[in-house]
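Peer 1: Let me begin by handing over the structure; questions about it come next.
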């Protein structure tokens with residue numbers, strides 16, 4: 001009987017150690033799946049007809065206007081409707097310049113990110129598929145606790161948060177960041193349609209910078 005109590009206690013101790021280790025990992029790491037920024041924006045704005053406010057499609061009935069997110073666009077284009085516009089529709093920037101991809105290709109992108117706390121801050125690892133082949137990208141951090149919402153390079157400096165997607169549309173990145181984001185933040189993937197990085201700035205939204213994916217804790 002004493003031996004049996006010892007074995008039982010050992011098993012419980014092992015289980016406690018395992019649960020404690022898992023809890024510690026959860027407290028010190030973050031694993032997220034990206035969704036399209038278009039879907040995220042439309043949900044946050046409670047739109048019945050979801051759109052992407054930062055990429056545009058041809059529409060001869062559309063007049064020059066200021067669209068969602070205060071992005072001005074020229075006549076004959078409008079923000080893409082992500083559920084009703086054909087996936088084969090070519091995309092344009094807010095000035096009507098072709099982006100060289102279709103709405104379907106834009107919305108097919110996805111990815112995942114893991115952030116682990118380290119002694120000096122945190123380390124981010126992310127993988128993506130379905131990106132613009134050879135496209136220039138940067139990872140930024142949304143600050144929802146700021147009014148208006150703020151954006152900063154997720155590495156804190158705008159130096160290591162940039163990358164070029166492979167010709168197959170895939171990418172894998174890993175670099176240090178200052179801290180693990182909370183629900184007050186989000187990890188944001190910005191596509192630079194001008195083929196340039198913009199340092200601490202995202203670029204001109206709707207013109208040469210377009211939010212493609214987002215992951216919020």
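The values are calculated or read from the model by the stated rules, or taken from the named source; none is laboratory data. Since this is a predicted model, take the numbers as computed values, not measurements. Please note: Cβ atoms are built from the backbone with ideal geometry, for glycine as well, and neighbour counts cover all protein chains shown.
Peer 1: Can you name the strands (runs of 3 or more DSSP E) wholly within the range 134-217 that have at least 2 residues being touching a helix residue (DSSP H, G or I) at 6+ places or on another chain (Cβ under 9 Å) and at negative phi?
Peer 2: Working: elements: 136-143, 150-153, 162-164, 171-177, 185-192, 209-215.
Per the criteria, 185-192, 209-215.
Peer 1: Taking residue 36 as meeting all but one of (1) over 23 Å from residue 172 (Cα atoms); (2) in contact with a helix residue (DSSP H, G or I) (Cβ under 9 Å, 6 or more places away or on another chain); (3) modelled with pLDDT of 95 or more, write down the number of the exception.
Peer 2: With (1) over 23 Å from residue 172 (Cα atoms); (2) in contact with a helix residue (DSSP H, G or I) (Cβ under 9 Å, 6 or more places away or on another chain); (3) modelled with pLDDT of 95 or more applied to residue 36, the lone miss is (1).
Here's the yes/no breakdown for (1) assigned to a loop (DSSP other than H, G, I, E, B); (2) at pLDDT 90 or above:
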| position | (1), (2) |
| --- | --- |
| 7 | no, no |
| 12 | no, no |
| 15 | no, no |
| 23 | no, no |
| 31 | no, yes |
| 63 | yes, yes |
| 79 | no, yes |
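Peer 1: So, in the range 70-89, how many residues would count as being surrounded by 14 or more Cβ atoms within 10 Å (Cβ to Cβ), over 21 Å from residue 33 (Cα atoms) and touching a residue at least 24 places away in the same chain (Cβ under 8 Å)? Full working, then the answer.
Peer 2: To start, the set of residues in the range 70-89 that are surrounded by 14 or more Cβ atoms within 10 Å (Cβ to Cβ) comprises 71, 73-74, 76-82, 85, 89.
Within this subset, residues satisfying the condition of being over 21 Å from residue 33 (Cα atoms) are 71, 73-74, 76-81, 85, 89.
Those still in the list that are touching a residue at least 24 places away in the same chain (Cβ under 8 Å) too: 71, 73, 79-81, 85, 89.
Within the range 70-89, residues that are surrounded by 14 or more Cβ atoms within 10 Å (Cβ to Cβ), over 21 Å from residue 33 (Cα atoms) and touching a residue at least 24 places away in the same chain (Cβ under 8 Å) number 7.
Peer 1: Hey, any hits in the range 172-185 for a residue that's touching a residue at least 24 places away in the same chain (Cβ under 8 Å), under 20 Å from residue 91 (Cβ atoms) and more than 15 Å from the chain's Cα centre (by Cα)? Quick ask: steps written out before the conclusion?
Peer 2: Taking the range 172-185 first, the residues touching a residue at least 24 places away in the same chain (Cβ under 8 Å) are 172-185.
Filter once more, so that each one left must be under 20 Å from residue 91 (Cβ atoms): none.
For the range 172-185, residues touching a residue at least 24 places away in the same chain (Cβ under 8 Å), under 20 Å from residue 91 (Cβ atoms) and more than 15 Å from the chain's Cα centre (by Cα): absent.
Peer 1: Further question on the same structure: Checking the conditions here, which among 114, 127, 152, 170 is crowded, with 17+ Cβ neighbours inside 10 Å, modelled with pLDDT of 95 or more and not assigned by TED's automatic domain parsing to the domain that holds residue 56?
Peer 2: Values: 114 fails: crowded, with 17+ Cβ neighbours inside 10 Å; 127 fails: crowded, with 17+ Cβ neighbours inside 10 Å; 170 fails: crowded, with 17+ Cβ neighbours inside 10 Å.
Of the residues listed, the single one that is crowded, with 17+ Cβ neighbours inside 10 Å, modelled with pLDDT of 95 or more and not assigned by TED's automatic domain parsing to the domain that holds residue 56 is 152.
Peer 1: Kindly indicate whether residue 182 is surrounded by fewer than 17 Cβ atoms within 10 Å (Cβ to Cβ) and closer than 24 Å to residue 80 by Cβ.
Peer 2: Working: surrounded by fewer than 17 Cβ atoms within 10 Å (Cβ to Cβ): yes; closer than 24 Å to residue 80 by Cβ: no.
Taking the combined requirement at face value, the residue does not satisfy it.
Peer 1: For the range 90-112, which residues satisfy the criterion of being touching a strand residue (DSSP E or B) at 6+ places or on another chain (Cβ under 9 Å), free of Cβ contacts under 8 Å to residues at least 40 places away in the same chain and not in a strand (DSSP E or B)?
Peer 2: Scanning the range 90-112 gives 105, 108.
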